[in-house]
Amino acid sequence: MAHINLPEGFPGISGGFTYRPETAKPMRELAHVLLHQPNSLTPAERELIATYVSSKNECHFCQSSHGAAAACHLGDASVVEEVKADYLTAPVSNKLKALLGIAGKVQQDGKLVTAADVEAARKQGATDVEIHDTVLIAAAFCMFNRYVDGLGTWQPRDPAMYAQMGKHLAEMGYKEPSIKQPVEAVHSS
């Protein structure tokens, strides 16, 4: 049960967004720019960063929805699970591993990121824009995760719902809701 009276049947961030559409709009636009618009990091890589940070923050809704989006881009959900379990052994590029290392430090405390971390990412081919965007994705997802969890939103466990959301996010991006109508509230959070 959410800590405030959020609209019934809207899971996770959808509940907060439905409750306050005026704050949802800029938050959606930020997510769209960071995760969906053209960038030298692939959408899959950016979704993996969001998923990894969300998993470290133990936000079920965000790691499941963004993990599903990453899986859509990759065509392989096992890579998502491997990144969450141990990105250093996951089948991703060394550049992404270095960026995930930075993202993990931002998730804990941005001050933990060192010049050596940035230099290691550069040595793997990361550009300043990619480093910037990694830090911003990690910081934004700490905010999104805390928004979802701080409101005590409903976070269903239905993998099919997350697969549907992930497909929408991967194909359409973030400007429009992936959940437009209330979902049957089978509360399992």
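The values are calculated or read from the model by the stated rules, or taken from the named source; none is laboratory data. Here the structure is a predicted model, which means the values were calculated and not measured. Note: ideal-geometry Cβ built from the backbone for every residue, glycine included; neighbour counts use all protein chains shown.
Annotation note: of 43, 11, the sole residue that is touching a helix residue (DSSP H, G or I) at 6+ places or on another chain (Cβ under 8 Å), farther than 18 Å from residue 59 by Cβ and at pLDDT 95 or above is 43.
The residue list 53, 135 contains one member that is over 12 Å from the mean Cα position of the chain (by Cα) and of a type in the set (Val, Ile, Thr), which is 135. Pairing each residue of segment 113-125 that is at positive phi with any residue that is at pLDDT 95 or above, provided the two are 6+ apart or on different chains, yields C-beta distances under 7 Å for 125/95. Every test in (1) loosely packed, with under 14 Cβ neighbours inside 10 Å; (2) in a loop (DSSP other than H, G, I, E, B) is passed by residue 78 save one, and that test is (2). Taking the criterion of being part of a helix (DSSP H, G or I) and either in contact with a Gly (Cβ under 6 Å, 6 or more places away or on another chain) or surrounded by 14 or more Cβ atoms within 10 Å (Cβ to Cβ) (or both), the residues of segment 142-163 that qualify are 142, 144, 145, 147, 148, 149, 161, 162, 163.
For segment 6-56, the set of residues classified as buried (at least 20 other Cβ atoms within 10 Å of the Cβ) and not in a helix (DSSP H, G or I) consists of 6, 10, 11, 12, 41, listed by residue number.
Just for segment 94-106: of the residues that are out of contact with any Leu (no Cβ under 7 Å at 6 or more places or on another chain) and without any contact (Cβ under 8 Å) to a residue 40 or more places away in the chain, which one is surrounded by the fewest Cβ atoms within 10 Å (Cβ to Cβ)? So the residue we want is 94. Per the conditions (1) more than 16 Å from residue 61 (Cα to Cα); (2) part of a loop (DSSP other than H, G, I, E, B), the sole criterion not satisfied by residue 132 is (2). Filtered by the rule that a residue be among the β-branched types (Val, Ile, Thr) and buried (at least 21 other Cβ atoms within 10 Å of the Cβ), segment 114-141 gives 134, 137.
Considering segment 157-168, the residues that are under 13 Å from residue 62 (Cβ atoms) and not aromatic (Phe, Trp, Tyr) include one that is nearest to the chain's Cα centre (by Cα), namely 166.
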